[in-house]
Ligand SMILES: NC(=O)C1=CN([C@@H]2O[C@H](COP(=O)(O)OP(=O)(O)OC[C@H]3O[C@@H](n4cnc5c(N)ncnc54)[C@H](OP(=O)(O)O)[C@@H]3O)[C@@H](O)[C@H]2O)C=CC1
Ligand SMILES: O=C(CO)COP(=O)(O)O
C-alpha cells in the first residue's frame with residue numbers, strides 16, 4: 001500500500017484516483033476549488049466531471065495545495081497542459097524531499113515546443129525529483145470508472161520507477177505496460193488529439209468511414225515522422241500510445257477532441273465550441289505547437305497544417321479537406337523507401 005497525491009480533480013485525475021483507491025492505496029485528490037473538494041469529501045461525487053459516478057469512500061480530497069504536496073512521495077500531475085508550469089512552480093516551495101512524479105497530461109506547449117516531462121524538468125529542481133514517469137494510452141475516464149478493460153503504458157528513462165508505477169495501477173481491469181521511449185509516448189499522446197479534432201471535423205462534414213480511416217492512417221504517418229525526427233523509437237507509434245490512442249480518440253463519442261471537431265465540422269465557431277465543451281480540448285493548443293514544431297523540424301505534416309488553417313486562419317473545414325485531397329501525388333511509404 002502506497003500514499004499518493006493526485007493534483008487535478010477533473011475527469012482524468014478523479015478516474016485515476018478511483019483506480020488507486022480501489023487498489024487500496026491512500027489517495028489524496030487535490031482540487032484548486034474548495035467547493036469541489038468539499039463535494040468529493042461530503043457527497044463522494046464529482047458531478048461536473050463524472051456525472052452518475054459514486055467515488056469510493058476511502059478517496060479523500062483537499063484544496064490545500066501544501067497538504068497535498070506533503071502527503072506523499074508519489075505525486076500524480078493530472079492538470080491540463082496549460083496549467084503544468086503553474087502547478088510545478090507552486091509546488092517547489094513545499095518540496096522538502098525527493099518525489100516520484102507521474103504525469104498523465106497530453107499536450108505540447110506552443111512557442112517553447114516542450115513536452116510535459118520537459119516542462120516538469122524546467123520547473124522542479126532536479127534535487128527534488130526521484131524520477132518522472134508518463135502514463136498514457138487509450139483510456140477514456142468515462143470507461144475507466146466503469147471498470148471496463150483498459151490498457152495503458154508507463155514510460156520513463158528510469159525503468160525501476162516505471163515498474164513501481166506499473167505495480168501501483170495494475171489490477172484486473174487496468175493493465176499497464178512499461179516502455180522506455182518517453183519522447184515517443186509523449187509525442188503520440190499529444191499529437192493524437194490533433195488528428196482526433198480532424199476526425200471529428202470529417203464526421204461533422206458528413207463524410208464517412210473511408211475519410212476517418214484515411215485520417216487515422218495518414219495521421220499516424222505524420223505523427224511518426226515528427227516523433228522520429230525528435231528521437232522517438234519508430235515502433236512506439238504502433239503501440240498503445242500511438243495507434244491505440246489514435247483509434248480510441250478518433251472513434252469515440254467520449255473524446256472531447258473528437259466532439260469539438262464534430263461541432264467545427266457542423267459549422268460552429270471555435271469560440272462557441274470551446275464554450276460548449278466546458279472541459280479541456282487539448283488538441284487546439286497542441287495544433288499550434290505541432291504546426292510550429294513541424295516547421296522547426298522540417299517535417300511534412302499536411303493534416304496538422306490543414307487543421308491549423310481551420311483553427312487559426314479562418315479556412316472553412318471543407319476547403320481544408322479539398323486542399324488535402326489535391327496535394328501532389330506521392331509514394332505511400334515515402335519515408336520508408338530507403339529502409
Ligand atoms: N479525460 C480523459 O479521459 C483523459 C484525459 N487525459 C489528459 O489528462 C489531462 C487532464 O484532463 P482532464 O482531467 O480530462 O481535464 P478536465 O477538463 O476534465 O479537468 C481539468 C481539471 O484541471 C483543473 N485545472 C485547470 N486549470 C488548473 C490550474 N491552473 N490549477 C489547478 N487545476 C486546474 C480543472 O479545474 P476547474 O474545474 O476549475 O476548471 C479541472 O479540475 C489532459 O491533458 C488530458 O488530455 C488523459 C487520458 C484520458
Ligand atoms: O486521451 C484520451 C483518451 O485516451 C481522452 O481524449 P479526449 O481529451 O479527446 O477526451
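What nm distance separates the two modelled labels at residue 98 and residue 158, each placed 7 Å from Cα along Cα→Cβ?
Computed distance between label sites residue 98 and residue 158 equals 0.6 nm.
Considering only region 3-181, what is the antiparallel percent among its DSSP beta bridges, to the nearest 5?
15
If you count, for each residue, the other Cβ atoms within 10 Å and average over each peptide, how do 176-182, 43-49, 27-33 line up from highest to lowest? If you can, show how the numbers build up before the last one.
Numbers: 176-182: 19.3, 43-49: 16.7, 27-33: 22.7.
Peptide ranking by packing, descending: 27-33, 176-182, 43-49.
Mean-square fluctuation check for the chain, GNM, Cα pairs under 10 Å: which of 150, 286, 96 is largest?
Looking only at 150, 286, 96, the biggest GNM fluctuation is shown by 96.
Determine the relative contact order of the chain: mean sequence separation of Cα pairs under 8 Å and six or more apart, normalised by residue count, in whole percent. Present the calculation step by step, with values, prior to reporting the outcome.
Details: 662 pairs, mean separation 48.5, N = 339.
Once normalised by length, the contact order is 14 percent.
What is region 104-159's relative contact order, in percent, from Cα pairs under 8 angstrom and six or more apart in sequence?
32
How do 322-329, 73-80 rank on mean C-beta neighbours within 10 Å, highest first?
Highest to lowest by the protection proxy: 73-80, 322-329.
Could you work out how far apart the two model spin labels at residue 331 and residue 127 are, taking each label as a point 7 Å from the Cα in the direction of the beta carbon, and quote it in nm?
5.5
Applying a 10 Å radius around every beta-carbon, put 211-220, 267-276 in order of their mean neighbour count, most first. Walk me through the intermediate numbers first.
Working: 211-220: 18.0, 267-276: 13.3.
Ranked from most to least packed, the peptides come out as 211-220, 267-276.
To the nearest 10 degrees, how steep is helix 159-169 against the longest Cα principal axis of the chain, on a 0 to 90 scale?
Relative to the chain, helix 159-169 is tipped by roughly 80 degrees.
For the chain, what is the calculated [θ] at 222 nm in deg cm²/dmol (nearest 500), taking -39500 (n - 2.57) for each run of four or more DSSP H residues and dividing by its residue count?
That comes out to -15000 deg cm²/dmol.
Pull up the DSSP beta bridges for the chain and report the antiparallel fraction as a percent, rounded to 5.
About 15 percent, rounded to the nearest 5.
Given an 8 Å cut-off on Cα distances and at least 6 residues of separation, report the relative contact order of region 3-181 as a percent.
So the answer I get is 19 percent.
Length gain on complete extension for the stretch residue 26 to residue 66, per 0.36 nm per residue less the alpha carbon to alpha carbon distance?
12.7 nm
What's the angle, to the nearest 10 degrees (0 to 90), between helix 282-297's Cα axis and the longest principal axis of the chain?
Between the helix axis and the principal axis of the chain, the angle is about 60 degrees.
Taking 51 Å as R0, compute the FRET efficiency from the Cβ-Cβ separation of residue 38 and residue 233 and round it to 0.05.
Efficiency at R0 = 51 Å is approximately 0.70.
Could you identify which residue out of 129, 248, 185 has the top mean-square fluctuation in a GNM of the chain using Cα springs shorter than 10 Å?
Among 129, 248, 185, the largest mean-square fluctuation in the Gaussian network model of the chain belongs to 129.
If the label point is 7 Å along Cα→Cβ of residue 3, which residues in region 50-90 have backbone nitrogen under 18 Å from it?
Under 18 Å, as judged by backbone N against the label point of residue 3, lie 58-77 of region 50-90.
Measure nothing fancy, just the Cα-based angle from helix 34-43's long axis to the longest principal axis of the chain, in degrees from 0 to 90, nearest 10.
70
Values in this text are rule-based calculations from the coordinates and carry no lab data. Computed from a predicted model, the values in this text were never measured in an experiment. Cβ coordinates were reconstructed from backbone atoms using ideal geometry, including for glycine residues, and neighbour counts include every protein chain displayed.
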